[in-house]
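Asker: Sharing a structure here in structure tokens format.
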Amino acid sequence: MEKDLIPVISIVGPTASGKTELATDLALKFGGEIVSADSMQVYKEFEISTAKPNLAQRSKVKHHLIDILHVNEEFSVAQYKELAKEAVINIHARGKLPFLVGGTGLYIDSFLKNIEFEIKNTSDEKIRKELSEKSNLELFEILKKIDPKSAQNIHINNKKRIIRAIEFFYTSGYPISIQVKNSQNRVSPFKVCKIGLNFKNREILYSRINVRVEKMFKLGLVKEVKNISDNMTLSKTAEAAIGYKEILEYTNGKTDLDSAKENLKKVTRNYAKRQITWFKRDPEINWIYPDNMENYNEILISAEEIIKKFTN
């Protein structure tokens, strides 16, 4: 029954859209705690590069699943789902309202839809190595033949996910899209209110991204990346962090500082586009467009009204 479901407020949107500030204020208003849904904020060493909530925000509202691993440790969506579920149940049991906040769409959907992940071993290092030597286009053509459904949902530039889908097919004998569909038929124990932040004028979002990147450099992003690269070997999961490879090109002398900045701005804008595409597929999201509002207070009031309707 719906009354037995655990209420969860999910706040999503592209990077630099203002999720952190809004979620903090809403959690304060409604007596909530925040569960991060960011695949890189789990890493302790990625502080500046992942734009984590600052210490003031974390002191106002309790945050979960931030700084729980070192960058040399692997992390998967299956692990995230279990840790997030544990955190949400714990928050609810203490009479607080759970807020799931972030931009990693796969993590958010896997948790909210209660996806059950394949337990049997569907990995094969030899297959993966052979596939990694092929071009994105070659891989995408293979995927279209063996799993056209996944080909519709995976971008041609996302080589890691394409390889995983092909590897799954070769080792299990059936498409990963079937496994995902079957998993999504499981009943979710959560009643969810989804709020999304986005901009009608995409250039405003891109400008915010550019400002954020400049701020990261001023805060010491280059030093952060250099300290990590000098002292640790990144796990395959952590290697996917936006900003790390771009800054390494500068510290290794392959490019100059200005070029590194512009490259980071570009890859971050491209990431934001992919996030928007992902979230736009969800008809349950209540969208708020800050560039349609007079000020931040209007944004906050709009979100509060959505939550009040949900909780009443």
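Asker: If each DSSP helix of 4+ residues adds -39,500 (n - 2.57) and the sum is divided by the residues in the chain, what number results at 222 nm, nearest 500 deg cm²/dmol?
Answerer: Theoretical 222 nm ellipticity from helices: -16500 deg cm²/dmol.
Asker: Sequence gap at least 6, Cα distance under 8 Å: using those rules, report the relative contact order of the chain to the nearest whole percent. Let's see the in-between values first.
Answerer: Details: 417 pairs, mean separation 84.6, N = 312.
Computed over the chain, the figure is 27 percent.
Asker: Report Rg(Cα)/(2.2 N^0.38 Å) for the chain, keeping two decimals.
Answerer: The chain yields a ratio of 1.02.
Asker: While we're here: Work out the FRET efficiency for GLU214 and ASN286 from their Cβ-Cβ distance, taking R0 = 35 Å, and round it to the nearest 0.05.
Answerer: Numbers: r = 31 Å, r/R0 = 0.90.
Once rounded, the FRET efficiency stands at 0.65.
Asker: Still on this structure: Under a point spin-label approximation (7 Å from Cα along Cα-to-Cβ), what is the GLU21-LYS266 distance to one decimal in nm?
Answerer: According to this spin-label approximation, the distance is 2.9 nm.
Asker: Spin-label point model (7 Å from Cα, Cβ direction): what's the GLU203 to SER229 distance in nm?
Answerer: The modelled label-to-label distance comes out at 3.4 nm.
Asker: For a quick check: sort THR268, THR311 by the number of other beta carbons within 10 angstrom, fewest at the front.
Answerer: Going from sparsest to densest Cβ surroundings: THR311, THR268.
Asker: A further question follows. Hey, how many Å between the Cα centroid of segment 81-153 and the Cα centroid of segment 185-221?
Answerer: Here the two parts' Cα centres lie 20 Å apart.
Asker: What does the extension gain come out to for SER188 and ASN157, with contour length at 0.36 nm per residue minus their alpha carbon separation? Walk me through the intermediate numbers first.
Answerer: Details: separation 31, 0.36 × 31 = 11.16 nm, distance 3.14 nm.
Going from the current span to full extension adds 8.0 nm.
Asker: In the structure shown, do any of LYS113/LYS273; LYS19/LYS62; LYS44/LYS261; LYS144/LYS265; LYS81/LYS113 have a Cα-Cα gap over 20 Å, and if so which?
Answerer: Beyond 20 Å between Cα atoms: LYS113/LYS273; LYS44/LYS261; LYS144/LYS265.
Asker: Also, I was wondering about something else. State the three equivalent ellipsoid semi-axes of segment 125-182, derived from the C-alpha gyration tensor as the square roots of 5 times its eigenvalues, in descending order and whole Å.
Answerer: Three semi-axes, in Å: 17, 14, 9.
Asker: Net charge within 12 Å of GLY102 by Cβ-Cβ distance, Lys/Arg positive one each and Asp/Glu negative one each, not counting GLY102 itself?
Answerer: Result for the neighbourhood of GLY102: 0.
Coordinate-derived values only; no laboratory data. It should be emphasised that the depicted structure is a prediction, and the values quoted were computed from it without experimental measurement. As a convention, Cβ positions derive from the backbone with ideal geometry for all residues, glycine included, and neighbour counts pool all protein chains shown.
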